[in-house]
Amino acid sequence: MSASPKRPYERLQRVTGALSRSMGIISKNTSAKNEPSRGGPWYLGFDLSSQSLKAEVIDSCSTLVSSVSVNFDKDLPDYKTTSGGYINGLRATAPSLMFVEALDLLLAKMEARGVDLKRVEAMSVSGQQHGSVWWKTGSETRLKKLDAKKSLKEQLLGTFSVPNGPTWRDASTEKECKEISNAIGGDRKVMDLSGSRTYERFTGNQIRKIYLEQPEAYIATERIGLISSMLTSVLIGGYAPIDVSDGSGMNLMNIRAKRWSWELIQAVVSHDAEKGSARKISDWSARAQELMKKLGGRTGVVESYNVVGLIDNYFVKRYGFSPNCRIVAGSGDNPCSLVGLRGTRGGDVIISLGTSDTLFAVTENPHMLAVDGHVMVNPVDCSTYIKMLCFKNGSLTREKVRAAFAGGTWEGFNAALERTRPGNDGNVGIYFLDPEIVPTFNTSRIFRFGPDDRPIGRFPNPDQEIRAVLEGHFLSMRLHLEGMSLPATKRVIATGGGSQNPSILQVIANIFKVPVYVHKDGSGSAGLGAAIRAVHGVKCDTLESFVSIDQAMQGCPDGSTFFRKVAEPKNTHVYDKLMKRYGKLEQAVVLVGMYDGPNYGKL
Ligand code: XUL
């Protein structure tokens, strides 16, 4: 599988490749050595997450050189986003042009801070997963002609056929999910093929929705990208392919063959799609081919370590990047987080605490016992997979409960937690302030249960709300971890913003019954992971073959020394009992749906 790099890059590759072969040497590019010296090369990782765009610059041994960020709500107020997007019922979108404008703003900030962008040898993007970006016909021509004197916003205004692309927070495609699942033969079949059963936020189901409900926009679309490939496209000045790892979050790719699944692509535009559609094409296969083309065809999905082009002249002229700066395929934020936590081993479970909370682990076996959860290709090791669960009620839900019951500060939150007992005196809370992914629950609702399992409107003591929002959530994580067919957990590695709170980490240690570790560099693991993937991609590109991440980082400190133990399990017997109760209560909630009464379901 190969990318379709820009022509000048292809030329450069042919020349350096032929030269090294004829001279009998492996690498001509001495700057790709791991020399974290003062004058060595730098690598940049962009982290285009739900609420911000960050850049992490590292040296070739992943030591952080610089970290700069732009917050969508605060720094780009014209878009009037809330937490980086728009929520309208179950629909969740974000303006694609805002991402583009954020890139100029971020690079201008870096320049103003004196970051020497010329030293960046390669870069890559980490993007919030599943979100799609819809390029109008003619957009690639515009991307190829970017003028360094004008802003990206000015030049890309009007290039998106769906200006507000759906994001991972969307839960509006239940109907499309059922239709695609039925066309393939059920959830288990879709899961075995694509790594996940159909999920509302996954791109294939979102494409079907737009295909059915916005036929004009669909027809006007030349290319459908993911958020990670969109930013990469801007960086190379042309359409960039999607990598196999982020591609695993689309319900469109065969995760074993690592290419688009013709069966799934056909299902997206299957016969039912005719109803209500203004489309004239009657031939199903022609429609599937048309979609295949919009996804970039056979070369539209590539290995995550592929260099997909050189940086566009726009960035060379405007920000002083080297014209030889290589761009490695963009990938999803969760796969990038995994790479940022280099040095994980068998028995490690990673819990990322951010806008979404995720739990994941690396495995050789892509099979899952449960049909809930996701299997994705590992971006730095094509022979292994990442198994993952994603929970929508992450930091935003914790912050809302903190605002309502702890005066809006983490100090207040932690103090309230300390005033309660592990197990919360038998009180259990299930907080679905956002419709939840695991377990699937498509309404915003809170459930509170007393020690006798009876639903109650409020807990006796407001401090118990704080403990309940944590305990309920982590009990749910442990419950669903059991369906993932993973070896026994030996330790949890926590990452993301929430991992800076030791009180939260203590609850995780108690519930999972294992010690919790964090990375010594703190929370920015997705951006850090994208930057490390740039190091890896350059190594593979220079050597013209795949090398492991450990080989790519040879000569650097061993990744396993990066972790610091921060919590040991305590009071585990309390949670063994609670675990059984929680499982039954969660099942009841999902089956029955709601309990009515004063304050039921409210903060
Ligand atoms: C993963 C998911 C979220 C987003 C957040 O499946 O939907 O974690 O990647 O950016």
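Just so you know, all these numbers are worked out from the coordinates, no wet-lab data involved. Quantities reported herein were computed from a predicted structural model and do not represent experimental measurements. Methodologically, a virtual Cβ is constructed for each residue, glycine included, from the backbone with ideal geometry; neighbour enumeration extends over all protein chains shown.
For region 408-535, the equivalent ellipsoid derived from the alpha-carbon gyration tensor has semi-axes of 28, 18, 15 Å in decreasing order.
Could you list 252, 338 in order of exposure, starting from the residue whose Cβ has the fewest other Cβ atoms within 10 Å? Kindly include the intermediate steps, with their values, before the conclusion.
On the way: 252 28, 338 32.
Ranked by crowding around the Cβ, least crowded first: 252, 338.
Modelled spin-label separation between residue 91 and residue 71, with each label point placed 7 Å from Cα along the Cα-to-Cβ direction: 2.8 nm.
Candidate membrane-span-like segments in the chain, meaning DSSP H helices with Cα atoms spread over at least 18 Å of their own axis and a Kyte-Doolittle mean of -1.0 or above, are 7-23, 96-112, 463-481, 525-543, 572-592, with no membrane implied. Measuring between their Cα centroids, region 197-229 and region 134-158 lie 21 Å from each other. Counting only Cα atoms, the chain measures 75, 61, 45 Å along its principal axes, largest extent leading.
Only DSSP H runs of four or more residues enter the estimate; each adds -39500 (n - 2.57), and after division by the residues of the chain the mean residue ellipticity at 222 nm equals -11000 deg cm²/dmol.
If I take every Cα pair under 8 Å that is 6 or more residues apart in the chain, average their sequence separation and divide by the length, what percent do I get for the relative contact order?
On the way: 1323 pairs, mean separation 97.4, N = 603.
Dividing the mean separation by the residue count of the chain yields 16 percent.
Here the simple spin-label model places points 7 Å from the Cα toward Cβ, and for residue 220 and residue 118 these points are separated by 4.3 nm. Within the same chain, lysines fewer than 8 places from residue 565 are excluded, and of the rest, those with a Cα less than 18 Å from its Cα are 490, 513, 520.
Using a 10 Å cut-off on Cβ atoms, rank the peptides 441-448, 483-490, 197-204 from the highest mean neighbour count down. Before the final figure, lay out each step's value.
Numbers: 441-448: 18.8, 483-490: 14.9, 197-204: 26.4.
The peptides rank, most packed first, as 197-204, 441-448, 483-490.
Region 62-86 and region 532-565 have Cα centres spaced 28 Å apart. Under the criterion of Cα pairs below 8 Å and six or more residues apart, the relative contact order for region 232-356 equals 32 percent.
Taking 0.36 nm per residue of separation and subtracting the current Cα-Cα distance, fully stretching the chain between residue 579 and residue 485 would add 32.0 nm. Close Lys pairs in region 92-238 (alpha-carbon distance under 19 Å; sequence gap of 8 or more, or different chains): 15.
With neighbour counts taken as other beta-carbon atoms within 10 Å, the residues 135, 262 rank, fewest first, as 262, 135. At the listed q of 0.15, 0.19, 0.20 Å⁻¹, the Debye profile of region 291-448, built from one uniform point per Cα, gives log10 I(q)/I(0) equal to -1.04, -1.24, -1.28.
Most exposed first by the Cβ proxy, i.e. fewest other Cβ within 10 Å, how do 398, 326 rank?
On the way: 398 25, 326 28.
Lowest count first: 398, 326.
Residues in region 545-560 carry Karplus couplings, in order, of 7, 6, 10, 6, 5, 5, 5, 5, 9, 4, x, 9, x, 4, x, 5 Hz; the curve used is 6.51 cos²θ - 1.76 cosθ + 1.60 with θ = phi - 60°, and Gly or Pro positions show x.
Looking at region 563-592, the trypsin sites (Lys or Arg not before Pro) that sit in a DSSP loop and have at most 14 other Cβ atoms within 10 Å of their own Cβ are 570.
Ignoring lysines fewer than eight residues from residue 602 along the same chain, the ones with Cα atoms less than 20 angstrom from its Cα are 392, 400.
Note on the chain: antiparallel DSSP beta bridges, both residues inside, total approximately 75 percent of the bridges counted. For the chain, 177, 325, 336, 382, 390, 540 stand unpaired, since no other cysteine beta carbon lies under 4.7 Å from theirs.
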